[in-house]
Each structure stands twice: as structure tokens, then as C-alpha cells.
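Enquirer: Just passing along the structure, written as C-alpha cells.
The values are calculated or read from the model by the stated rules, or taken from the named source; none is laboratory data. The shown structure was predicted, so the numbers you read here are calculated from the model rather than taken from an experiment. Note that we place each Cβ from the backbone using ideal geometry, even for glycine, and neighbour counts take in every protein chain shown.
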């Protein structure tokens, strides 16, 4: 039988500590120890007499801000997302313990309460975990959160589709990979977590990955834990892509933003995520008590990225696979110059990915709630246009206006960056609807305090450019900031 395998590593007992209450922090018992989600440089637990420290403050996936957008009841998009169907994450692994306290209400079921999943090892509809690995992955992605127990998952409302292809020794038949991925796609998965590696490549998996991609399903797959350069030794699912990036390949980092010693690297690795000493459930069929321990490996890093993709899909329901993949890869926090070759574009940044521009630069948009026309400009900013003359004067036509969703407008700062190419050039004299005259200089404006000052500057009224009051306010706001 051809073999595939999944790997988890070290374990340790946890000790809680406190974090800042000023941020949108869930109240899960061990969230303070989840440095991968919020790294304050804290001590996150102990391993015997040796403390485990999250070494570099800020080396995390920046998810707290994304939670504030999606799950804070005061967020303008909270109620919108609350009324949507949950995102489905298929965990193709050793199965999932669907009775676990962290996964109550989080397993995908049909109207009769039957689990939507499958056990390809025993060929039945009971994908119970007999190893533990899949349950760890599922809880990192979507553990019940803000409920005063255990850990916080990345997605607080995703559903898990358990798909078992590995036995109790975490080994399985290679040929099940294709069947499992197609099952997940055909049964409603939005995301597939594949924390499994294989030493065998075949063209069928490239076609399978393309099938998922074409159906809007994003596969997130582990690079593996053998410290292998995949450029010279390709042997994981992330190397089955040809020229299309249909899979997000994930490497693992430690809390100092260094490569996890065992993480594979090279071709196919698109991004990296924390993968050492992550808090996870202890899964032991012989022990009925629930425990929480540390685990390490690219499997865990992959689960973090799958959680990020679930958040992106829950917010951007209409995005294609390509848009989701590009958002994850392009918004990762870059590594320092010259460092971590072969580990992708950087460490994932969930909040940044959630807030990428929805519309291309200089797109006029309007919403049903706010009928003002806005022009998208620069880095997540919009400028409201104050009159039809200003809009037409900028070279737009009414047919250019795009109808945007109300909540999408809230992703943009309503302030015009002064670096916009259609702002007045330095040296220009401008005025709005008032009589005041301003000189544009150094990307700011200076008020002429008197007529004499204006004349002595060598300018005349022929030089004065009439601009929207929005432009004047944008300059003044920039000065204040």
C-alpha cells in the first residue's frame, strides 16, 4: 500500500497569564497562551522547569483586528455576517472527534442532524478521530470561542466537515486523497485543510487541485516537517500545481519569526505561519478528561491559514479562489531583507488580508445606504465627490459608477491620500467654495492670509484652480494628523 502521513510534535502543560483588555480579546481560558494569535512577548506556559516564551512581541498572525470587524457586535458588518450561511472547512485528516467540547455545534450536519463527512478508511459515515491529529487541526481552525473554556479558534462561526483518510497510526492510502478532495468539493466545502504530506506525486492530484480551485474551494496544505528543500525534492501536495497557484502552501515559524527547524521550504511554499508551541487540545481516547497542550509542526501552521481563509470567505462571499489566494499571499508580513528564503512572501496577516481593497484604484462606487459617490484612491481610502461637476471634471462618466455593498464602504477610510495623482500639484494655488486661497506645497496647503501676500507671491487669479471642498478638507485633515 502506498503511504501518506501527518506529523505532530512536542507537548507541554499550560499556565494562563493576562493580556491587554483594551483589544477585542476573547475570554477563552487559554487564549493568553495562544501567542500565535496575540504575541505580547509573554511566557505562555512551562515544560517542566523551563518556561516557554513567545520571544518577539508582534510575531503573530494579527487576527484580533479581524475579529473586531467580524465579531464585535458594534461592528457595522456584524449583523450582515450573522445572517449568512457559515463557511465550511473540510479537514481531510485522521477524522475529527465531533463530541469534543470545543466542537459542539461546529460540525457540519444535514437537516436531520447527520454529520456531513465521510470515513474513507472504514468506508462509512462515521469519521470519528482515532488518532487525535485531525481534532487538533479542527479546533485550531474553529474551536468554540469566547466561551470561557479551552482555546479560541480562528473562525468563530465556521463549520467543520470531517473527512478521514488516515488511520489511528496517521498513515493511509495515497489513492484516497483524490476521492477525499472531490468529496469535500462536491458536498459544500469552501476551504480544505490538508495537513498531510506524501512522498509520491502524480498528475491526478494536479487535476484534483484544479477541480477544487475551479469550484471556488481553496486548498491549504502543509509543507511538511523534514527540513527538505522542496525545490530539489518535490514531494507534497503543494508541488502538484503546474503553472497555476491552486493551493496555498504553508511553512512554519517559531515565535522569533524564524523558520521552524523541521519545516520544509522552497517551491510551493507561498506563506508561513506560527507552528511551534501552539496551544491545542490533548486528544487521548483512553482518557475522558479534556486537556490542552502545546503542539508544533507545519500541520498547525496550515490550520492557522485555513482559519484565515475561512474568515476571508465569510467576509468576501463573492470572491473567487484566485482573489482569496492572492489576498493571503500579498498581505503577508514580509520577512526581513535576505531572510527566510523559500518560506513564501512572509508571515500571514489576517487583518491586512481582510481589509484589502475590494475595488481597483480610482473606481467610483456608490452604496444603497449612502448615495454619495466615492472614488477609491490609494491604500484602502475613498474620497467623497461633492458635486456632479467635480465628478465629470475628473473624467468619469455616470456609467462608470459601481454599486457597492453597504458594509464594503466601511472597509475604506473616508479620507483622500494627498499623494493621489489627480490632486493639485505642488506650487498650485487652489480654492474651494469659500474665498480663501491656498498654496499647495510639500503635499500640504498654506493659507494666504491677505491679498497682498497672494500678490507678492507672484501669482494672479488666472493661476487659481477651483477644487472640491473635499480636497481642501483632505489637506486640512492631513495637517491635523
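Enquirer: Among what's in region 99-116 and is within 25 Å of the chain's Cα centre (by Cα) and in contact (Cβ under 8 Å) with a residue 40 or more places away in the chain, pick the residue that is farthest from residue 302 (Cα to Cα). Write out each step before concluding.
Expert: Applying the first criterion (within 25 Å of the chain's Cα centre (by Cα)) to region 99-116 yields 102-108.
From what is left, the residues that are in contact (Cβ under 8 Å) with a residue 40 or more places away in the chain are 102-104, 106-108.
Numbers: 102: 19, 103: 19, 104: 22, 106: 19, 107: 19, 108: 20 Å.
Of everything passing the filter in region 99-116, 104 is farthest from residue 302 (Cα to Cα).
Enquirer: Something else now. Is it fair to say residue 226 is in a loop (DSSP other than H, G, I, E, B), more than 24 Å from residue 324 (Cβ to Cβ) and either in contact (Cβ under 8 Å) with a residue 60 or more places away in the chain or touching a strand residue (DSSP E or B) at 6+ places or on another chain (Cβ under 9 Å) (or both)?
Expert: Values: in a loop (DSSP other than H, G, I, E, B): yes; more than 24 Å from residue 324 (Cβ to Cβ): yes; either in contact (Cβ under 8 Å) with a residue 60 or more places away in the chain or touching a strand residue (DSSP E or B) at 6+ places or on another chain (Cβ under 9 Å) (or both): yes.
Criteria met by residue 226.
Enquirer: Would you mind telling me which numbered condition in (1) modelled with pLDDT under 65; (2) more than 23 Å from residue 394 (Cα to Cα); (3) touching a strand residue (DSSP E or B) at 6+ places or on another chain (Cβ under 8 Å) residue 417 fails?
Expert: Unmet condition: (2).
Enquirer: Within region 157-216, which residues are in a strand (DSSP E or B) and either modelled with pLDDT of 90 or more or not assigned by TED's automatic domain parsing to the domain that holds residue 321 (or both)? Give the steps one after another, and end with the answer.
Expert: Taking region 157-216 as the starting set, the residues that turn out to be in a strand (DSSP E or B) are 159-164, 171-173, 191-194, 197.
159, 160, 161, 162, 163, 164, 191, 192, 193, 194, listed by residue number.
Enquirer: Evaluate the following for residue 31: is it over 18 Å from residue 303 (Cα atoms), modelled with pLDDT of 75 or more and in the same structural domain as residue 264 (by TED's automatic domain parsing)? Give the steps one after another, and end with the answer.
Expert: Values: over 18 Å from residue 303 (Cα atoms): no; modelled with pLDDT of 75 or more: yes; in the same structural domain as residue 264 (by TED's automatic domain parsing): yes.
No; evaluated as a whole, the condition is false for this residue.
Enquirer: On to the next question. Suppose we filter region 214-226 for residues that are closer than 30 Å to residue 276 by Cβ and touching a helix residue (DSSP H, G or I) at 6+ places or on another chain (Cβ under 9 Å); how many remain? Let's see the steps before the verdict.
Expert: We begin by selecting, within region 214-226, every residue closer than 30 Å to residue 276 by Cβ; these are 217-226.
The next check asks that each one be touching a helix residue (DSSP H, G or I) at 6+ places or on another chain (Cβ under 9 Å); those that pass are 217-225.
Total satisfying the criteria: 9.
Enquirer: Residue 241 is checked against (1) assigned to a helix (DSSP H, G or I); (2) touching a helix residue (DSSP H, G or I) at 6+ places or on another chain (Cβ under 7 Å); (3) at pLDDT below 95; (4) crowded, with 18+ Cβ neighbours inside 10 Å and fails just one. What number does that condition carry?
Expert: (1)
Enquirer: Still on this model: Being touching a residue at least 24 places away in the same chain (Cβ under 8 Å) and surrounded by fewer than 16 Cβ atoms within 10 Å (Cβ to Cβ) is the filter; apply it to region 388-400 and report the residue that is farthest from the chain's Cα centre (by Cα). Lay out the reasoning, then the answer.
Expert: Restricting attention to region 388-400, the residues satisfying the condition of being touching a residue at least 24 places away in the same chain (Cβ under 8 Å) are 390-391, 394, 396, 400.
Checking the rest, the ones that are also surrounded by fewer than 16 Cβ atoms within 10 Å (Cβ to Cβ) come to 394, 400.
Working: 394: 35, 400: 30 Å.
For region 388-400, the residue satisfying everything is 394.
Enquirer: While we're here: Confirm whether residue 403 is more than 30 Å from residue 316 (Cβ to Cβ) and modelled with pLDDT of 70 or more.
Expert: Working: more than 30 Å from residue 316 (Cβ to Cβ): no; modelled with pLDDT of 70 or more: yes.
Answer is no for this residue.
Enquirer: Examine region 278-285 for a residue that is touching a strand residue (DSSP E or B) at 6+ places or on another chain (Cβ under 9 Å) and modelled with pLDDT of 95 or more, and state whether such a residue exists. Talk me through it step by step, then tell me what you get.
Expert: Keep residues of region 278-285 that are touching a strand residue (DSSP E or B) at 6+ places or on another chain (Cβ under 9 Å), which gives 278-284.
Those left that are additionally modelled with pLDDT of 95 or more: none.
Checking region 278-285: not a single residue is touching a strand residue (DSSP E or B) at 6+ places or on another chain (Cβ under 9 Å) and modelled with pLDDT of 95 or more.
Enquirer: Among 254, 264, 227, which is the only one that is assigned by TED's automatic domain parsing to the domain that holds residue 188 and either within 27 Å of residue 182 (Cβ to Cβ) or within 16 Å of the chain's Cα centre (by Cα) (or both)? Write out each step before concluding.
Expert: Numbers: 254 fails: either within 27 Å of residue 182 (Cβ to Cβ) or within 16 Å of the chain's Cα centre (by Cα) (or both); 227 fails: either within 27 Å of residue 182 (Cβ to Cβ) or within 16 Å of the chain's Cα centre (by Cα) (or both).
Matching residue, one of 254, 264, 227: 264.
Enquirer: So which residues in region 86-118 are outside any loop (DSSP other than H, G, I, E, B) and surrounded by fewer than 18 Cβ atoms within 10 Å (Cβ to Cβ)? Explain how you work it out, then say what you get.
Expert: Looking only at region 86-118, we keep the residues that are outside any loop (DSSP other than H, G, I, E, B), and these are 88-94, 101-103, 107, 109, 115, 118.
Hits for region 86-118 are 101, 109.
Enquirer: Which of (1) closer than 21 Å to residue 99 by Cβ; (2) in contact (Cβ under 8 Å) with a residue 40 or more places away in the chain is the odd one out, the single condition residue 126 does not satisfy?
Expert: (2)
Enquirer: Let me ask another. Under 20 Å from residue 300 (Cβ atoms), at pLDDT 95 or above and in a loop (DSSP other than H, G, I, E, B), is that true of residue 154? Reasoning before the result, please.
Expert: Numbers: under 20 Å from residue 300 (Cβ atoms): yes; at pLDDT 95 or above: yes; in a loop (DSSP other than H, G, I, E, B): yes.
The answer is yes for residue 154.
Enquirer: With respect to residue 252, is the statement that it is modelled with pLDDT of 95 or more and crowded, with 24+ Cβ neighbours inside 10 Å true? I'd like the intermediate steps shown before the answer.
Expert: Values: modelled with pLDDT of 95 or more: yes; crowded, with 24+ Cβ neighbours inside 10 Å: yes.
Answer is yes for this residue.
Enquirer: Quick one: what pairs do we get from region 418-442, first residue at positive phi, second surrounded by 18 or more Cβ atoms within 10 Å (Cβ to Cβ) and modelled with pLDDT of 80 or more, C-beta under 7 Å, 6+ apart or different chains?
Expert: 427/440
Enquirer: So, one more: When you scan region 128-144, do you find a residue that is outside any helix (DSSP H, G or I), modelled with pLDDT of 95 or more and crowded, with 24+ Cβ neighbours inside 10 Å, even just one?
Expert: yes
Enquirer: Inside region 289-371, counting only helices (runs of 4 or more DSSP H) that do not spill past its ends, which hold 1 or more residues that are within 30 Å of residue 395 (Cα to Cα) and modelled with pLDDT under 95? So that I can check it myself, show each step before the final result.
Expert: On the way: elements: 298-315, 321-330, 350-354.
The qualifying helices (runs of 4 or more DSSP H) are 321-330.
Enquirer: Which is at pLDDT 95 or above and closer than 21 Å to residue 30 by Cβ, of 59, 63?
Expert: Working: 59 fails: at pLDDT 95 or above.
The unique qualifying residue is 63.
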